[in-house]
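Engineer: First the structure, then my questions, so here it is.
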Amino acid sequence: CYIAGLTNNYHSFVRDFCDMEEGITIVLLDYKTAPEYKYPVQLYESEDLWDELTQRQGYLPENIIIGGDSSGGNLALALMLKIRDKGKKIPAGAFLLSPWTDMTMSGKSYVQNYRKDVEIGERKAVLTEEKRKMLMESDLYSFIGNADRKSPYVSPLFASYEGFPPMFFAVGESEMLLDDTLGVVKKLEKSNIPVICDRKPDMFHSYVLYKNMMPESKDSYIRIKQFVQDRLDMQKKKIRL
């Protein structure tokens, strides 16, 4: 939710990517956190990093793959939208884990999965309109500040996705944010963008981060690595051609 900084979970998560083949570099963005720093601070930071890598350090956009979970998934999508909208070259692909894409909480899964969601739901309760408004006004949504909740750079659910690269999504079917993923996937499909959506029954928000604890998480992690490898291999083929 943009309120927690970079943790060791992410260092552990990306470590295996470094061993996929020689020459891979992993860059983790430790963005400034809310509520002290609000939108568009984090988006500006991600743009600065993109420009640093592609304009000053010489990395080619077509050799870069972006990834993120939850708020990181939100930021990854917002960054790619900015890159596209400014007419810059886009990355080779992206993998997103339970991306947070809808700051209006409009998806049916917010209500349907409220009793199942182990993070922000309640086991024996119902998501009333009053509770929904309380959540939207809580610190969980503090990064928005005074921005328009329906802005595509704040809520990528409301964006268009023409020109995007192939994408991979992993999402748990028991999380309230399920429709945050499914809505974006549907838009990508309508734009004829190659997209994989790995839906895991009974899984919770960002479950893939626990790849060493659950078989479902490990399975999704393996599929993400394969997606990354496929995108890298595709770029190699283009270079040879």
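The values are calculated or read from the model by the stated rules, or taken from the named source; none is laboratory data. These numbers come from a predicted model, not from an experiment. We place every Cβ from the backbone using ideal geometry, glycine too, and count neighbours over all the protein chains shown. The accessibility values were calculated without ligands, DNA or RNA, using every heavy atom of the protein model including side chains. Shrake-Rupley method; radii C 1.70, N 1.55, O 1.52, S 1.80 Å.
Engineer: Would you mind calculating the relative contact order of the chain from Cα pairs under 8 angstrom and at least 6 residues apart, reporting the percent as a whole number?
Structural biologist: Relative contact order of the chain: 20 percent.
Engineer: Per q in 0.09, 0.11, 0.12, 0.17 1/Å, what log10 I(q)/I(0) does a Debye calculation on the alpha-carbon atoms of the chain return?
Structural biologist: Scattering profile of the chain, log10 relative to I(0): -0.37, -0.55, -0.67, -1.41.
Engineer: Ok, one more. Which of M134, M176, M103 moves the most in a Gaussian network model of the chain with Cα springs under 10 Å?
Structural biologist: M134
Engineer: Here's a follow-up. Just to confirm, what accessible area per residue do you get for the range 202-241 at 1.4 Å probe, in whole Å²? Can you show the working numbers first?
Structural biologist: On the way: 2540 Å² over 40 residues.
On a per-residue basis, the range 202-241 sits at 64 Å².
Engineer: Could I ask something else about it? Give the whole-number value, in cubic angstrom per residue, of the convex hull volume spanned by the C-alpha atoms of the range 157-230.
Structural biologist: 80 Å³
Engineer: Still on this structure, I have one more. What figure in square angstrom, to the nearest 10, would you give for the accessible area of L140 with a 1.4 Å probe?
Structural biologist: Answer for L140: close to 50 Å² accessible.
Engineer: Further question on the same structure: Which value, in Å² and to the nearest 10, is the accessible area of K88 when all protein chains are kept and the probe is 1.4 Å?
Structural biologist: 60 Å²
Engineer: Counting only protein heavy atoms, what percent of the accessible surface of the chain is carbon or sulfur at a 1.4 Å probe?
Structural biologist: 51 percent
Engineer: Which of the three applies to the range 61-188, rounded, prolate or oblate, going by the alpha-carbon gyration tensor with a ≥ b ≥ c and a/c under 1.5 meaning rounded?
Structural biologist: Prolate is the answer for the range 61-188, as a/c is 1.5 or above and a/b outweighs b/c.
Engineer: As an exercise, use a Förster radius of 51 Å and the Cβ-Cβ distance of M214 and Y44 to find the FRET efficiency, rounded to the nearest 0.05. Could you put the intermediate results ahead of the total?
Structural biologist: Numbers: r = 36 Å, r/R0 = 0.70.
It comes out at approximately 0.90.
Engineer: Going by Cα centres, the range 3-17 and the range 85-137 are how many Å apart?
Structural biologist: If you average the Cα positions of each part, the centres end up 21 Å apart.
Engineer: Starting from the Cα-Cα distance between E52 and D233, subtract it from 0.36 nm times their residue separation and give me the gain in nm to one decimal.
Structural biologist: Difference between extended and current length: 62.7 nm.
Engineer: Something else about it: As a quick test, which of the pairs K88/K190; K108/K131; K108/K187 have an alpha carbon distance above 19 angstrom in this structure? Mind dumping the intermediate values first?
Structural biologist: On the way: K88/K190 23 Å; K108/K131 15 Å; K108/K187 17 Å.
Long pairs (Cα-Cα over 19 Å): K88/K190.
Engineer: Right, another one. Kindly report, to the nearest 10 Å², the accessible surface of R132 as traced by a 1.4 Å probe over protein heavy atoms only.
Structural biologist: Roughly 60 Å² of R132 is accessible to a 1.4 Å probe.
Engineer: Tell me the per residue accessible area of the range 62-126 using a 1.4 Å probe; a whole number in Å² is fine.
Structural biologist: 41 Å²
Engineer: Restricting to DSSP H runs of at least four residues, report the calculated mean residue ellipticity at 222 nm for the chain, -39500 (n - 2.57) per run over all residues, nearest 500 deg cm²/dmol.
Structural biologist: It lands at -11000 deg cm²/dmol.
Engineer: With a Förster radius of 30 Å, plug the Cβ-Cβ distance of E129 and R199 into 1/(1 + (r/R0)^6) and report the FRET value to the nearest 0.05. Each step should come with its number before you reach the end.
Structural biologist: Values: r = 28 Å, r/R0 = 0.92.
Once rounded, the FRET efficiency stands at 0.60.
Engineer: Hey, another quick one. For the chain, set up a GNM with springs between Cα atoms under 10 Å and report which of M203, M214, M80 has the largest fluctuation.
Structural biologist: M214
Engineer: Using every Cα-Cα pair within the range 48-93, state what percent have a distance larger than 17 Å.
Structural biologist: Here the tail beyond 17 Å accounts for 27 percent of pairs.
Engineer: Let a ≥ b ≥ c be the square roots of the eigenvalues of the Cα gyration tensor of the range 134-197; is it rounded (a/c under 1.5), or, if not, prolate (a/b larger than b/c) or oblate?
Structural biologist: Oblate.
Engineer: Projected onto the charge dipole of the chain (+1 at Lys/Arg Cβ, -1 at Asp/Glu Cβ, origin at the Cα centre), which of S71, A34, I83 gives the Cα projection farthest towards the positive end?
Structural biologist: Ranked along the dipole, the leading option is I83.
Engineer: Before anything else, pin down the relative contact order of the range 96-225: Cα pairs under 8 Å, at least 6 apart, normalised by residue count, whole percent.
Structural biologist: 30 percent
Engineer: Note down the nm distance, to one decimal, between modelled labels 7 Å out along Cα→Cβ at E173 and at D85.
Structural biologist: Computed distance between label sites E173 and D85 equals 3.5 nm.
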